[in-house]
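What follows is calculated from the coordinates using simple rules that are stated; it is not laboratory data. None of the values given here were measured: they were computed from a predicted structure. Methodologically, a virtual Cβ is constructed for each residue, glycine included, from the backbone with ideal geometry; neighbour enumeration extends over all protein chains shown.
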Amino acid sequence: MQHFVTDQMKRKVKIPSQPKRIISLVPSQTELLFYLGLDVEVVGITKFCVHPHVMFKSKPRVGGTKKYNFEKIKTLKPDLIIGNKEENDQTQIEFLEKEYPVWMSDIFNLEDALEMILEIGKIVNRKSEAEILIKKITDSFQHCEQVIRQFIHRPRVAYLIWKNPTMVAASQTFINEMLEIAGFENIFVTESRYPQISDTQLAAARPEVILLSSEPFPFKEKHVKEIQAICPNAEIKLVDGEIFSWYGNRLLLAGPYFEELRLSFENINKKTIQAPDSQ
């Protein structure tokens, strides 16, 4: 038995009422499916779907998030494919849509993420589990908001996602939403999506904090010194990119992580409060 559902791209998708063979093309949504108990139903994942590790080792991989092995997908006979507008390639998704039901998420903020969790919960018959997860995430973020609220100053931040060329997370991104929740002011918020910037632009923006993400580019300690030479007065820190950009059950880790991260820049808050009056 089949029925129509509407995905986050406002497309009507005809899916089985009880999907039995699911392929996920997005790491955070793959992890969510396993969290909801779909260990058997998920028959295919991407090479970037590294959580949970035991499933990453055992499940067939159908390629990356942008390029798929269509023959492998055919052999897996999916009755539902789950993807994301930003992370997946439009042309290849359109090709898959000709043969299989494809449900797409489209996420810019926390509200979108929670909606995705609920809708996926519904289509895989795990609505109650999804609702419990949403409640846990919501409670965690509310506590985070209470902690962050104690800080008067919001450090001006640049969040780097790539090197050579240097790219940052700007507006209209889930990362930007997470930065705001964590108590930072994104200095590139007037830009859109993931702009490329020069060393001169980064220095001229005068960030108080620079966060180097662990993904998609794997920034390491050696890169901290390189960036420090560009912005000698900025505080630079390596951060967990999965916490800032994965929008499934990994959001359970985000609230406590943001609290600890923001507290680590307490000295910036104190310096701002203790600064002498300019008049």
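Over the chain, with a Gaussian network built from C-alpha contacts below 10 Å, which listed residue (S128, S58, S214) shows the highest mean-square fluctuation?
The residue with the greatest mean-square fluctuation here is S58.
For a label point 7 angstrom out from the Cα of K127 toward its Cβ, which stretches of region 7-31 have the backbone nitrogen within less than 17 Å?
It comes to 7, 15-19, nothing else.
Just subtract the alpha-carbon distance of K237 and H53 from 0.36 nm times their residue separation and send over the number in nm, one decimal.
Values: separation 184, 0.36 × 184 = 66.24 nm, distance 2.63 nm.
Full-extension gain reported as 63.6 nm.
Points 7 angstrom from Cα along the Cβ direction at E215 and M9: gap in nanometres?
2.1 nm
So, in nm, how far is label T138 from label L252 when the simple model puts each one 7 Å beyond its Cα toward the Cβ?
Inter-label distance under the simple model: 1.7 nm.
Taking every Cα atom in region 43-151, find the radius of gyration and the maximum pairwise distance Dmax, and write them in Å.
Spelled out, the Cα radius of gyration and Dmax of region 43-151 are 16.6, 55 Å.
Calculate one ³J(HN,Hα) per residue across region 211-223 by plugging θ = phi - 60° into the Karplus curve 6.51 cos²θ - 1.76 cosθ + 1.60, and present them in order as whole Hz with x for glycine and proline.
9, 9, 7, 7, 7, x, 8, x, 4, 10, 4, 4, 6
May I ask you to compute the full-extension gain from F70 to S198, defined as 0.36 nm times their residue separation minus their alpha-carbon distance, rounded to one decimal in nm?
42.2 nm
First measure r as the distance between the Cβ atoms of S264 and M1, then evaluate 1/(1 + (r/R0)^6) with R0 = 51 Å and state the FRET efficiency to the nearest 0.05.
On the way: r = 52 Å, r/R0 = 1.03.
So, using R0 = 51 Å, E works out to roughly 0.45.
Enumerate the calculated ³J(HN,Hα) couplings along region 246-258 in order (Karplus 6.51 cos²θ - 1.76 cosθ + 1.60, θ = phi - 60°), each rounded to whole Hz, writing x wherever the residue is Gly or Pro.
8, 10, x, 5, 5, 4, 4, 8, 5, x, x, 5, 5
Measuring from label point to label point, each 7 Å out along Cα→Cβ, what is the Q92 to V147 span in nm?
That separation, rounded to one decimal, is 3.7 nm.
Let me know the Rg and Dmax you get for region 152-273 when you use only its Cα atoms, in Å.
So, for region 152-273, Rg and Dmax equal 13.4, 38 Å respectively.
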